[in-house]
Amino acid sequence: QGSHLGTDRAGAAHEALLGWWEGVVVGSKPQNTSALQLVTCSFGTCLLLMSPLTPALWGFCRAWGRFCLENTDPRTRGRGIQLLSQVLLECHSLLQEKEGKGCSAPHTSCWRAGAGSSSPLPAAAPQGRAVQAPVAVTQSLLQLDRHTVYSIITNFMGTREEELKGLGADFTFGFIQVMDGEKDPRNLLVAFQIVRDLIAKNYALGPFVEELFEVTSCYFPIDFTPPPNDPHGIQREDLILSLRAVLASTPQFAEFLLPLLIEKMDSDLQSAKLDALQTLTACCAIYGQKELQEFLPSLWSSLRREVFQTASEKVEAECLAALHALSACLSRSVLSSDAEDLLDSFLSSILQDCRHHLCEPDMKLVWPSAKLLQAAAGASLRSYHRLTHSVLPLLLEQYNKHSQSSQRRTILEMLLGFLELQQKWGHVEEDESAVLSLRAPVCSVVFSALTDPSVQLQLVGIRALTVLGSLQGWCLASPGEAGGAYVPPSVLFPPGSEAAMEAAGSLAPIYPKVFSGRMVPRLGEELQSGRGGGGRGMILVLGCSREARCLQALAAVSTHTSIVRETVPVLLQHLRKVQKGNAAGSAQEVISVCQSLHRVALQCQQDAEGCWYFHQAVVPCLLAMAVQAAMQESTQPLLGKALLEEDVLAAMVPVISAATTHLSPELAAQSVAHVVPLFLDGEVSFLPQNSFPCSFQPFAAQRRLVALLMAFVCSLPRDVAIPQQERLLRELLALSCSCNCPFTATTAAKCFAGLLNKHPAGQQLDEILQLTVNRMEPGLAEGPRREQALTLLLWVTKALVLRYHPLSSQLTDKLLGLLGDVELGPAAADGFSLLMAESPDVLHKGCHADVRIMFRQRFFTDNVPKLVQGFHGAGPDVKANYLKGLSHVLNHLPRPVLVTELPTVRACSCCLPLCAGGSRGAPSTPALSLRAVSVLQLLPYKARVIRALAKPLDDKKRLVRKEAVAARGEWFLVGSPGR
């Protein structure tokens with residue numbers, strides 16, 4: 001209907017609208033959203049009717065502006081400006097440039113008056129100029145109002161970039177005036193971001209580049225200490241990084257910034273030095289030769305002086321980083337045919353100032369000079385060639401001139417630094433590489449270090465040998481020397497063995513033929529010679545034998561399949577010889593061989609071919625030797641007895657497990673088809689040297705070997721079917737409940753639990769579990785084998801808890817009930833540690849067990865309230881058992897969960913009586929209670945717990961006093977910063 005109204009009637013409508021607006025603003029009219037929308041819609045309708053604006057509408061805008069500015073109430077002025085801002089925001093598309101300028105006049109006036117609106121304005125070029133109108137008074141405004149100005153500028157730059165760029169350099173100049181003199185860190189962060197946007201988005205800087213630099217660089221270096229309890233959380237580092245991003249954002253600042261950085265680098269303030277060096281490093285990423293040329297001599301002079309004279313490692317590191325960045329920057333520059341190569345002249349200056357220090361007899365400045373040369377050489381391949389061609393011959397010459405091991409070690413370490421840089425650039429042609437062209441003298445120096453009596457020099461030589469062997473295109477004059485025919489003495493004897501073995505392991509995959517053909521036979525000969533006569537006695541005396549070093553070296557070099565095929569037979573042959581011996585040290589030697597085999601197995605796991613070879617070669621051999629030893633035990637007690645000791649069997653378990661876990665399902669199925677019949681039916685046909693004197697009966701006569709069965713079947717992938725699994729489970733169940741040997745019973749229980757954990761859900765599993773419960777309950781009630789029944793209960797419970805089986809709750813309740821048993825209570829309490837901790841040989845993810853995430857949190861939620869309840873209802877003789885169980889659960893719970901859950905349990909209240917009771921319980925009770933308290937770091941209980949912990953400090957038992965001191969110290973720190 002508006003199209004039928006005349007101009008006069010529209011003007012009359014505006015008079016009425018002005019009165020309505022005044023009522024909304026002063027509060028006599030409704031101020032809800034509907035009213036604001038009605039006013040906005042009315043103003044838009046008038047604009048549609050009257051474009052361009054009539055004198056009546058101009059009068060309305062002027063009158064409304066006067067109403068807003070002349071009103072004495074600040075809230076009324078603010079609401080008026082907010083309402084006008086909302087109208088302009090909705091209707092700005094209907095305004096022409098002249099009209100927009102007129103409508104924005106009230107905002108400009110309000111800014112000048114110090115009462116700007118925080119509403120977003122319709123941004124166009126006229127409003128952009130309006131932003132700069134109040135610059136003369138910006139710094140006189142309050143911090144929040146200045147922040148509003150910066151926010152409005154940021155909003156304009158994000159939404160009206162094209163219009164602002166149309167203002168040219170005037171906009172940049174206006175912002176410089178706005179920012180000039182700003183001191184508030186909150187505003188500076190926004191202002192620095194605006195400057196970065198001005199440069200990154202290519203706003204015109206015009207003749208104001210230096211002014212923009214001055215208005216920002218005046219804050220460099222940042223000297224700001226945040227006030228305590230600052231709610232805004234602005235740190236000094238935030239301002240430093242923000243300002244650095246501004247200074248390093250454009251090469252146009254270079255002529256002003258570089259003199260400033262040089263000045264700060266020469267100052268006495270370490271923080272200023274560090275900030276200047278880090279800023280220089282950042283600038284080199286965008287600078288070129290043009291920007292750096294004038295200042296290179298001064299920069300190098302400052303960097304050199306700091307490295308030579310500073311006592312600060314931080315300053316030295318930043319100087320080296322800046323030198324590296326400078327060299328890289330010069331290396332990137334593209335040269336014209338007539339341009340000077342600044343990189344060459346810069347490197348010449350470095351050589352001139354550092355090279356002579358490498359020749360000084362006192363070697364005072366050798367390391368600083370070497371660090372400077374290596375920092376520049378690491379910047380680019382061109383820098384590396386330029387410097388190494390001059391430095392490496394000099395280092396080789398100095399090594400031969402000096403006779404002291406310490407001086408030679410220093411020179412060799414510098415040489416090693418340049419060799420490591422060669423690795424960075426990969427393959428280089430021989431005519432370009434100084435290292436390759438000096439192959440013979442470098443090898444001579446390294447090998448002389450390996451034969452030097454000084455262990456420290458040997459270690460550096462080993463590291464150098466490792467680097468040399470790994471260089472692409474490096475071919476030693478005598479390839480066997482790369483860990484082959486030449487075996488450093490420290491490979492076999494301490495203290496350098498670890499470094500030597502690490503070097504051998506790194507070189508072996510590069511030179512597999514050399515190691516297979518030379519080093520492995522050499523180590524085999526060393527093993528043979530080590531078993532002769534007097535050498536054996538010396539082994540036991542020194543505790544670190546030649547044989548042990550050879551075994552470790554054989555394992556270290558087994559990093560390639562072809563080498564594994566050579567080392568494994570040597571290790572197994574040595575194991576067979578040890579088995580036939582009857583000396584007291586045989587068991588320890590067997591363990592050493594098993595440890596080496598275990599290391600080889602771990603190194604083979606990622607290679608399918610090597611893993612399958614190791615499994616086929618080692619697992620049957622270990623089983624055959626163990627079976628033979630078990631069969632001979634009754635007839636020849638001393639022969640092979642070492643293989644049946646518990647420690648030896650425990651050492652074999654990880655070897656078989658590591659050889660099995662990474663097999664493919666197909667290969668694992670082939671292996672399990674032989675191993676399981678061996679233990680169930682005594683089928684020994686697949687074993688090497690299977691001429692045994694009698695039949696093999698692992699569940700009757702040779703029961704200890706069930707540990708090897710556990711290592712194999714519990715490491716199989718979950719989808720591998722185990723033949724005769726139900727029969728195997730029944731045999732293991734019977735053995736775990738009836739065997740008198742704790743080692744055998746525990747191993748059988750672990751094997752049984754490992755199979756249950758992976759068993760598919762269904763009727764067969766339910767039947768086995770019911771049979772297990774029926775077998776355990778009588779054993780737990782009474783009889784001579786209650787401990788075996790408890791062990792079985794713990795492992796079966798763990799297997800079911802890990803997979804969230806419903807029966808786990810019933811078994812856990814049974815375990816909780818045993819805490820009240822005087823005889824089994826302490827062992828049952830310790831069983832909670834077994835339930836929560838990760839087992840090293842079975843029931844962990846590495847052996848494909850079914851382990852659900854957050855099982856510990858679920859166990860905590862379900863059972864800790866029961867523990868607390870049982871503690872309060874238990875008698876004084878068994879209270880300690882509940883506390884021990886609680887302590888084990890809490891010790892294995894992730895700390896974030898512990899912090900959030902413990903207040904609901906309020907377990908501290910149950911710990912305090914035991915603490916106050918001192919040693920009234922069992923000997924270990926007070927110490928365990930104190931250990932539990934040390935875990936419960938809860939501020940509300942702090943004072944009460946500290947008072948209760950005072951009495952145990954005088955306890956007669958040293959262990960109780962020790963735990964009391966530790967717990968009390970923890971509680972004193974509760975609530976401290978960082979705790």
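General remarks:
- For region 762-779, putting each phi into the Karplus relation 6.51 cos²θ - 1.76 cosθ + 1.60 with θ = phi - 60° gives couplings of x, 5, 4, 5, 4, 5, 4, 5, 5, 4, 5, 4, 5, 7, 7, 4, x, x Hz, in residue order, rounded to whole numbers and with x for Gly and Pro.
- Region 290-378: GluC sites (Glu not before Pro) in DSSP loop, at most 14 other beta carbons within 10 Å: E340
- Calculated FRET value between A317 and A608, using beta carbons and R₀ = 45 Å, to 0.05: 0.55
- Short-range pairs are left out: with C-alpha atoms under 8 Å and at least six residues apart, the relative contact order of region 667-758 is 29 percent.
- Within a straight-line Cα-Cα reach of under 22 Å, K580 can be paired with the following lysines, leaving aside sequence neighbours fewer than 8 residues apart in one chain: K641.
- Here the gap between L144 and A966, fully extended at 0.36 nm per residue and compared with their Cα-Cα distance, gives a gain of 290.9 nm.
- Working note: Karplus 6.51/-1.76/1.60 with θ = phi - 60° gives region 352-361 the couplings 4, 8, 10, 4, 5, 5, 5, 9, 5, x Hz, where Gly and Pro are set to x.
- Backbone N under 11 Å from the F686 label point (7 Å along Cα→Cβ), restricted to region 715-729: 723
- Inter-label distance, nm, simple model (7 Å from Cα along the C-beta direction), K845/S390: 5.4
- Normalised contact order of region 334-426, rounded percent, pairs of Cα under 8 Å and 6 or more residues apart: 23
- Using a cut-off of 23 Å between Cα atoms, the listed pairs K273/K371; K513/K577; K845/K884; K371/K424; K798/K884; K264/K424 include K513/K577; K845/K884; K264/K424 as exceeding that distance.
- Site pair H356 and L973 shows an inter-label distance of 5.5 nm when each label is modelled 7 Å from Cα along Cα→Cβ.
- An oblate overall shape is assigned to region 241-383, the ratio a/c of its alpha-carbon gyration tensor axes (a ≥ b ≥ c) being 1.5 or greater and a/b not exceeding b/c.
- Among the chymotrypsin sites (Phe, Trp or Tyr not before Pro) found in region 643-738, those both in a DSSP coil and sparsely packed, with 15 or fewer other Cβ atoms within 10 Å of their Cβ, are F686.
- Using the Cβ-Cβ distance between N774 and A721 with R0 set to 25 Å, the FRET efficiency from 1/(1 + (r/R0)^6) comes to roughly 0.40.
- Value of relative contact order over region 686-824, rounded to a whole percent, pairs C-alpha under 8 Å and six or more apart: 21
- Annotation for region 355-417: trypsin sites (Lys or Arg not before Pro) lying in DSSP loop with at most 12 further Cβ atoms inside 10 Å of their Cβ are K364.
- Using θ = phi - 60° in the Karplus curve 6.51 cos²θ - 1.76 cosθ + 1.60, the 3J(HN,Hα) couplings for region 794-801 round to 4, 5, 5, 4, 4, 4, 7, 4 Hz; x is entered for Gly and Pro.
- Here the spin labels are modelled as points 7 Å beyond Cα on the Cα-Cβ line, and at A285 and S406 they lie 4.3 nm apart.
Read-outs throughout are calculated quantities, based only on the coordinates presented, and are distinct from any laboratory measurement. Not measured: the values here are computed from a predicted model. Counting neighbours? That spans all protein chains shown, and the Cβs are built from the backbone with ideal geometry, glycine included.
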